[in-house]
Amino acid sequence: MPTSGDVTSDSVRDAAAIFDPRTYIEAVPFAALARLRRQHGVVWVDEPAVLSWPAGRGFWLVLRHADVQAVLRNPRAYSSWLGGTQIRDPATPADLDFVRRMMLNMDPPEHTRLRGLLGRAFTPRAVAQLEDRIFATAHHLVERALGHLRRCWRQRNGPRGAAAATRAGTRRPTARPAHPGGDGRPLRLRAPAG
């Protein structure tokens, strides 16, 4: 593992970007992850207070496949049960007890036992049988979201705006947030280009 002397200011900046949820508004920071993987493989990530989250203790970010495998094969040294795996540490012992009931926060042998039971429900054949239902649910959710956007479009632009969008070659008005940062300002819809 790198020591604090091994970590460059670029690595600290990359680790901070990976931790900050605002980074993911624009895109997944693949370049930062690649740099950290190439330079260190394992890097300490501070958990400063961000948005409404309080500061945390920090954590080791394990980035290389071989290192991840080694961690997963050694639950005595790298326990999921001990402190949980949530982004923020449970605030109270009761909270920790609660998250320990989730399979993700269990160590072998309990995790292995549950994984064996659940594994039968997620064979390729079983998942394939769910595919149509998953697609229908996703389609329904997207259609509901588009319906909401269409209603917002009509309220803000009137029927002429929707008609203009249709003439521009789309069946449905398309929209994108003018302020994707979630800064509290109302969502404004932009007309499609063209």
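We did not get these values from a lab; they are worked out from the coordinates using the rules stated. On a predicted model such as this, the values are computed, not experimentally measured, just so you know. Cβ coordinates were reconstructed from backbone atoms using ideal geometry, including for glycine residues, and neighbour counts include every protein chain displayed.
Structure notes:
- Karplus (6.51, -1.76, 1.60) ³J(HN,Hα), θ = phi - 60°, over the stretch 54-64, in Hz, Gly and Pro reported as x: x, 5, x, 7, x, 7, 8, 9, 9, 10, 8
- Neighbour net charge for R13 - beta-carbon separation under 11 angstrom, K R +1, D E -1: -2
- Extension gain, R125 to A145, is 4.1 nm, computed as 0.36 nm per intervening residue step minus the present C-alpha separation.
- The residues H139, H40, H111, when put in order of fewest to most other Cβ atoms within 10 Å, stand as H139, H111, H40.
- 3J(HN,Hα) along the stretch 31-45: 5, 5, 4, 5, 4, 5, 4, 5, 7, 10, x, 10, 9, 6, 10 Hz, from the Karplus curve 6.51 cos²θ - 1.76 cosθ + 1.60 with θ = phi - 60°, whole Hz, x for Gly and Pro.
- Shape analysis of the stretch 9-119 places it in the oblate category; the axes a ≥ b ≥ c from the Cα gyration tensor give an a/c of at least 1.5, with a/b not above b/c.
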